[in-house]
1. With respect to residue 296, is the statement that it is among the basic types (Lys, Arg) and under 43 Å from the mean Cα position of the chain (by Cα) true?
2. Could you list, in sequence order, all residues of segment 152-175 that are among the charged types (D, E, K, R) and surrounded by fewer than 23 Cβ atoms within 10 Å (Cβ to Cβ)?
3. Restricting attention to segment 199-225, which residues are part of a helix (DSSP H, G or I) and hydrophobic (A, V, I, L, M, F, W, C)?
4. Taking the residues in segment 13-30 that are farther than 20 Å from residue 143 by Cβ and modelled with pLDDT of 80 or more as candidates, determine which candidate is surrounded by the fewest Cβ atoms within 10 Å (Cβ to Cβ).
5. Of the residues in segment 272-290, how many are over 37 Å from the mean Cα position of the chain (by Cα) and either over 16 Å from residue 257 (Cα atoms) or exposed (fewer than 14 other Cβ atoms within 10 Å of the Cβ) (or both)?
6. Please enumerate the residues belonging to segment 226-245 that are buried (at least 17 other Cβ atoms within 10 Å of the Cβ) and not in a helix (DSSP H, G or I).
7. Take the conditions at pLDDT 90 or above and within 45 Å of the chain's Cα centre (by Cα) and apply them to residue 315. Does it pass?
Amino acid sequence: MISQVNKLASYATYRQLYNDGKKDTYFIISKFIEHTIVSNELNSFDVEKMSSLLNENFGFRIPSYVIQSAIKRIDFVSKRDRQFSVSQDNLSSDSEITQELEESGLKSRALMSRLIKYVKNEEDKDQEINEEKLTREFTSFLLDDSFNGDYSSIISKFIIENNTDAAFLKDINQIKEGAILFSGLNYTSDISKLTWKNSINLYVETEILFHLAGYNGLFFQNLANDMFQLINEMNQKSSKRIISIRYYKEVSEDIEHFFGTAEEIVKGNRSADIGNVAMEEIVRDCSTPADVINKRARFANILKQHSISEADSLNYYSPKYHDFNIESQEIVEKYGLAAENKEKYLKHLNYTNILRKKDDINSESLSLKESKHLVITEVGKILQMANDFNKENEDFNAPLAISMSSLTNRLWFDLNKGFGSEHLPSTFNILEKSRLILSNILTQKVAKQYDKVKESYKKGELSEDDLNENIIELRKKMMKPEDIDQEQLNNIDDIIKPNGLEIYKSGKERLEKKVKKLEHDNKVKELDRQKVVEEKKRAEKEVENSKKEITRISNEKRIQVQKRINDIEARKDNADKKVAGRIKFIRGLITIVLILIVLLFIYIGNKWNFDILTYIITIFPLIGITMKIYTGNKFESLNLINKILFRTEEYFKSKVYKEYNIDLEVLEELKKDLIATD
């Protein structure tokens, strides 16, 4: 059998292929079939064998007609009779999705390792952790609508704890979205025909209507709004109202009883039960029974706006429907319905089955959208019975009841909505599911404690003041899903522990508890204060050390910069001396040449008998030029000579500086750096 981690990887890969633009379901399934052929080295197979291998390798249960259609997309597979043959000529050693599966597998294993480590840190050290069970429940948590399990609360805490890790949320939501996409293959007789064309009645339970009205909080209202929005879209796509929303007469009676009880609470004749969020919302801001009646009218208007009405009357227990009856005392006892006064749950499943049989619905290849009658509920008992009936009876290919999230997922798939939209249904979000589970666990824990408190009061163990004090304390523990965040996890953990809630039996005990709590809080505050002082001292020391380190680094830098400056300037001095020597040599050489020219002129003058004026005009300027060149002074009136001498000197400088590896710009920058470090 496939491991749970590989199962997660399979769904993540399915989602990835969809995300890559390969939205055609047959195409995606064909890639998994190709991988199965390659990895199992198949030469031939039939549909039954491929179906079995897909389940073993990926955990996929795929209808036969989908497998047959997907195989047609594979070039190297041909069909003869009922057998499929594999051509080895066009077969590669790796399938196209090998890399995606490996990457998804690595991510899934990393997720599980992270969860196991978290659980080991959170759980009691003496308590052994069943890693196999934890892995199985985590897989079910991500892939199914399951809320139950020994590790449900800690898995939920784990996800909420990591709600700021974008990569983590992306990985788990990719697995969830892959499961949503894949779920479209189930309860569908033909995935090429997704539009709902046949009329269907959806029978909603009381809690769905209260969710829609917002009585159970914003979270559940969003879930209901998402579902009803998709129902409207499907009706619009089908060009007529093919999906009708109804409720059975017991739901109508429930609603009337609920608002009647609310009136009694407002009158002061009764008190609202702990955990009954809807009742608390209805009586909130109501000071008279008339206020409750007004809320009842607004509730009726909400149902009218969504075209929700009571189902037509029918004698379900008429002899002609006896063969369709699924009610029995055995089932009532099996699910504990009598003790909880919840026989109506079985009644609604029975009504739905009778309506299907009455309308001659073909059960052999029944898809969800063709079931004609379907219960929508969030009640665990109804969903459990519907699933059990589906497993036990081949006639129930589509269950008699599904949850809001299941219907939302199906409508989303059949409307071909994809995941590009900014607004996705809340049911797709694993983080929201985690909040919901913790809220449910918390509510159940508080409700059980409330029952114990009432029992103690009836036995005379608690006074009326004690009862009221306990009720006030228990109400403080309640949290709606939207109120749960990372900061609340420790408080929730304390409450859901085996001894997380206690009954206060007297004013003295209550006072002692408060004193102890106050002492504990003061100790915690003192410890926190000491921690703050220590943190401040440590921070100041770190700042001081940082300053010292900065000073040390700055000094080291100054020393290094100064060394480089000294080195460059030393080389520059040597280079300047060399340049000066060469210039002096050139000046001396020019001086000798000029002296020779003067002597030559005197010699020629004597020979040619120059007059004294010629000597003055010629010889004296040459003598002046010779002296200027020798001494290195500039010529005030001879710019050309100055330029020649300057360029000659610059030429020698550049040549010698290059020889000595001297860069004046670097030297200037180093001097600036040295000034900046002061």
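The values are calculated or read from the model by the stated rules, or taken from the named source; none is laboratory data. In this text the structure is predicted, and so the values were computed from the model without any measurement. Using ideal geometry, Cβ is built from the backbone for each residue, glycine included, and neighbour counts are taken over all protein chains shown.
1. Judged against the criteria, residue 296 is a match.
2. 161, 165, 170, 171
3. Matches in segment 199-225: 208, 209, 210, 212, 213, 218, 219, 220, 223, 224.
4. Among those that are farther than 20 Å from residue 143 by Cβ and modelled with pLDDT of 80 or more, it is 27.
5. Total meeting the criteria: 5.
6. 242, 243, 245
7. On the way: at pLDDT 90 or above: yes; within 45 Å of the chain's Cα centre (by Cα): no.
Criteria not met by residue 315.
Residues checked against (1) under 24 Å from residue 143 (Cα atoms); (2) modelled with pLDDT of 85 or more; (3) small (Gly, Ala, Ser); (4) in contact with a Ser or Thr (Cβ under 6 Å, 6 or more places away or on another chain):
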{"residue": "174", "(1), (2), (3), (4)": "yes, no, no, no"}
{"residue": "185", "(1), (2), (3), (4)": "yes, no, no, no"}
{"residue": "191", "(1), (2), (3), (4)": "yes, no, no, yes"}
{"residue": "231", "(1), (2), (3), (4)": "yes, yes, no, no"}
{"residue": "234", "(1), (2), (3), (4)": "no, yes, no, no"}
{"residue": "253", "(1), (2), (3), (4)": "no, yes, no, no"}
